[in-house]
Amino acid sequence: MYCVRKVTEDLYWVGANDRRLALFENIHPIPEGTSYNAYVLMDEKAVLVDTADWDVTRQFRENVEHVLNGRNLDYIIINHMEPDHSASLKLMRELYPDAVVLTTAKAVTMMKQYGLTDENVQVVKEGDTISFGKHEFTFYSAPMVHWPEVMVSYDKTDKVLFSADAFGSFGSLDGRLFADEVNYQRDWAEPARRYYTNIVGKYGPQVQKLLQKASGLDIGYICPLHGLVFRKAEDIAYIVEKYDKWSKYEPEEKGVLICYASMYGNTEEAAYMLAARLCDKGMSNVEVRDVSNTHVSYLISSAFKLSNIALLSVTYNNNLFPNMANFVDDMARLGLKNRKFAVVENGTWAPQAGSVIVKHLEEMNGMTLIDDKATITSSVNENTAEVIDKLAEEIIASMI
Ligand code: FEO
């Protein structure tokens, strides 16, 4: 049975939600599910904008058929060829063989790689325009937001930006479609940040280029491929501002992410001591996370949000604890920069973890170590309490 929503007079959301998928890209937990957004424009020509993941093809197909109401499909715009949006393209082309696919040259190469024909495909380039009747679309390339073939499409008539992965979010829509139907800042900013930072975070400079292009457009709606649609000026301004910060790797807030790797609770104790000393001194915007039971995607999201990061790790196999190593590696892989770090190592006979972290930080861009690494030997005592107190002071001083 169909389940669609109207975006504008002529535009329909024909996507679907998926709460059965545990891991997005088979790596990032999505306890609140995800949506795969696709849209149908009903003009003199009927136009499908992107498709959906194979997991939701039945729903997606029923939605498209309902909106078309017996009409043929004239065009399929493919803004992004990643399979979470293009897996149902094969079926759409079987159902509507006359529909012309509009996409980038790079996407055509990918279509063939994914076993699709390149027949009946029209390549569009930067700035190309096509009229579908009342609605005129312009296409803009957006390479590496998040794959190289990506483009975004802009409907000048209704001022709709189809933004591909940009401005998306984790989370099932659950009937809502618009950001103004939820408390976006309270409930959706975090999943949007976790989505952006882990999926697109590496490509900040490319996102900046897209923001620059978008700034020249009069945008009334942003229709992303995941998450909510933005239609109110204040919601559009909010998410654009967040994207500007995230893609420049600028922290959103002064605050401290304290991540610890602890085997028997001693390093953990130091983490809580550091948090308490920070709060004593007036910095209560602290997040304490155990890297052993917090998926790294959440750590990355918080690392993008906050100005300071404290890493406390036990030494393991004469090296860094594996979960902490994964977090540090992931920050490097995503190109995070401009953060201030405090490092505490623990070890019973040969503490090494701090030196390993410091070496990694030195290899990253714009990372500052705000003090020498601190060392705990087995458990915290009066001396280490003093060291941690001093560290808290220096962290706060670094924020001024
Ligand atoms: Fe939602 Fe890059 O695909």
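The values are calculated or read from the model by the stated rules, or taken from the named source; none is laboratory data. In this text the structure is predicted, and so the values were computed from the model without any measurement. Backbone-built Cβ (ideal geometry, glycine too); neighbour counts: all protein chains shown. In case anyone asks, the SASA skips ligands and DNA or RNA and just uses the protein heavy atoms, side chains included. Shrake-Rupley method; radii C 1.70, N 1.55, O 1.52, S 1.80 Å.
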Quiz item: Can we say Val121 is modelled with pLDDT of 95 or more and out of contact with any helix residue (DSSP H, G or I) (no Cβ under 9 Å at 6 or more places or on another chain)?
Solution: no
Quiz item: What pairs can you find where one residue is in region 74-88 and more than 14 Å from Ala107 (Cα to Cα), the other is surrounded by 24 or more Cβ atoms within 10 Å (Cβ to Cβ) and of a type in the set (S, T, N, Q), and their Cβ atoms are less than 8 Å apart, with a gap of 6+ or different chains?
Solution: Ser88/Thr51
Practice problem: Determine the pairs where a residue that is open to solvent by 10 Å² or more (accessible area, probe 1.4 Å), located within region 25-53, has a partner that is modelled with pLDDT under 95 with Cβ atoms under 6 Å apart, the partner being 6 or more residues away or on another chain. | Solution: none
Exercise. Taking Asp128 as meeting all but one of (1) within 16 Å of the ligand (Cβ to nearest atom); (2) touching a Phe, Trp or Tyr at 6+ places or on another chain (Cβ under 6 Å), write down the number of the exception.
Key: (1)
Practice problem: Kindly check whether there is at least one residue in region 223-232 that is under 23 Å from Asp18 (Cβ atoms) and away from the ligand (no atom under 16 Å from the Cβ). | Solution: yes
Exercise. Return the total of residues in region 179-226 being open to solvent by 60 Å² or more (accessible area, probe 1.4 Å) and not small (Gly, Ala, Ser).
Key: 12
Quiz item: In region 131-181, what count of residues is obtained for those that are more than 16 Å from the ligand (Cβ to nearest atom), touching a Leu at 6+ places or on another chain (Cβ under 7 Å) and among the β-branched types (Val, Ile, Thr)?
Solution: 1
Quiz item: Quick check: is even one residue across region 17-30 within 15 Å of the ligand (Cβ to nearest atom), among the aliphatic types (A, V, I, L, M), closer than 19 Å to Tyr2 by Cβ and modelled with pLDDT of 95 or more?
Solution: no
Quiz prompt | Glu119, sole failed condition from (1) in contact with a strand residue (DSSP E or B) (Cβ under 8 Å, 6 or more places away or on another chain); (2) under 19 Å from Ser88 (Cβ atoms); (3) away from the ligand (no atom under 16 Å from the Cβ) | solution = (1)
Practice problem: Determine whether region 388-400 contains at least one residue that is farther than 19 Å from Cys259 by Cβ and touching a residue at least 40 places away in the same chain (Cβ under 8 Å). | Solution: yes
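Yes or no: His85 within 16 Å of the ligand (Cβ to nearest atom), modelled with pLDDT under 95, surrounded by 18 or more Cβ atoms within 10 Å (Cβ to Cβ) and within 19 Å of Ala38 (Cα to Cα)? Don't jump to the end; show me each part of the working.
Values: within 16 Å of the ligand (Cβ to nearest atom): yes; modelled with pLDDT under 95: no; surrounded by 18 or more Cβ atoms within 10 Å (Cβ to Cβ): yes; within 19 Å of Ala38 (Cα to Cα): yes.
When the stated conditions are applied, His85 does not pass them.
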Quiz item: Filtering region 300-321 down to residues that are open to solvent by 10 Å² or more (accessible area, probe 1.4 Å) and within 24 Å of the chain's Cα centre (by Cα), which residue is farthest from Ser379 (Cα to Cα)?
Solution: Lys305
Quiz item: Restricting attention to region 353-369, and to residues there that are of a type in the set (Val, Ile, Thr) and crowded, with 17+ Cβ neighbours inside 10 Å, which single residue is nearest to Glu268 (Cα to Cα)?
Solution: Ile357
Practice problem: May I ask you to verify whether Trp188 is away from the ligand (no atom under 16 Å from the Cβ) and either at pLDDT 95 or above or more than 23 Å from Met42 (Cβ to Cβ) (or both)? | Solution: yes
Quiz prompt | From Ala353, Ala342, residue being under 26 Å from Arg193 (Cβ atoms) and either of a type outside the set (A, V, I, L, M) or over 22 Å from the mean Cα position of the chain (by Cα) (or both) | solution = Ala342
Practice problem: Taking only region 78-121 into account, find how many residues are under 20 Å from Val200 (Cβ atoms) and not in a loop (DSSP other than H, G, I, E, B). | Solution: 8
Self-check item: Residue in region 200-215 that is within 14 Å of the ligand (Cβ to nearest atom), in contact (Cβ under 8 Å) with a residue 40 or more places away in the chain and touching an Asp or Glu at 6+ places or on another chain (Cβ under 7 Å) present
Solution: yes
Self-check item: Tally, over region 350-372, of residues that are touching a strand residue (DSSP E or B) at 6+ places or on another chain (Cβ under 9 Å) and farther than 18 Å from Glu393 by Cα
Solution: 13
Quiz item: List the pairs whose first member sits in region 362-385 and is more than 15 Å from Asn308 (Cα to Cα), whose second member is polar (S, T, N, Q) and open to solvent by 70 Å² or more (accessible area, probe 1.4 Å), and whose Cβ atoms are under 7 Å apart, counting only residues at least 6 apart or on separate chains?
Solution: Thr377/Thr348; Ser378/Thr348
Quiz item: So is Tyr196 aromatic (Phe, Trp, Tyr), within 16 Å of the ligand (Cβ to nearest atom), under 27 Å from Lys156 (Cβ atoms) and part of a helix (DSSP H, G or I) or not?
Solution: yes
